[in-house]
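K.L.:
This is the structure I have questions about; it appears just below.
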Amino acid sequence: MKAAGKVAPQDFAGICGIYWEGSAWYDVLPADCATQGDVDLGKLCPVYACAQERGVAHCGMCSDFPCYLLVNLAAQTGGNDTRIESAVRRTEMGDKRWAEWARSEKIWTTAFCPLRNQPVRQA
């Protein structure tokens, strides 16, 4: 039984190829990567905005993949960012098998995300 007021950790599939397992910072935001446009976070991830404009569920499905925007985002993490490989795998494996693979890789632990440290906007 869960303690009152506690929220179970949730996993989120990032549009850019990152998979977030029980990410505490998403747990405090009123949205996750795929739903950030539904609430006022104060800013949108540029990769999310691009995917919305192009009508794709994630970067690996885009005809311009990998694009400059995604490569630049990955570069902000440093040399260990595997989101581009992850996006390829998501397209090839499908969401369920990819999520199993991504959980085992733990690629979210150091990945850069423009929504990280985004303050929660007060109503």
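K.L.:
In segment 1-28, what count of residues is obtained for those that are at pLDDT below 70 and assigned to a loop (DSSP other than H, G, I, E, B)?
P.N.:
Residues flagged as at pLDDT below 70 and assigned to a loop (DSSP other than H, G, I, E, B) within segment 1-28 amount to 12.
K.L.:
Do we find a residue being assigned to a helix (DSSP H, G or I), over 13 Å from Leu115 (Cβ atoms) and in contact (Cβ under 8 Å) with a residue 24 or more places away in the chain anywhere in segment 38-50?
P.N.:
No, the conditions are met nowhere in segment 38-50.
K.L.:
Here's a follow-up. Name the single residue that is modelled with the highest pLDDT among those in segment 72-115 being among the hydroxyl-bearing types (Ser, Thr, Tyr) and part of a loop (DSSP other than H, G, I, E, B).
P.N.:
Thr82
K.L.:
Now, a different point. Filtering segment 53-71 down to residues that are touching a residue at least 12 places away in the same chain (Cβ under 8 Å) and either part of a helix (DSSP H, G or I) or under 14 Å from the mean Cα position of the chain (by Cα) (or both), which residue is surrounded by the fewest Cβ atoms within 10 Å (Cβ to Cβ)?
P.N.:
By that ranking, first place goes to Val71.
The values are calculated or read from the model by the stated rules, or taken from the named source; none is laboratory data. Predicted, not measured: the structure shown is a model, and the values here were computed from it. We place every Cβ from the backbone using ideal geometry, glycine too, and count neighbours over all the protein chains shown.
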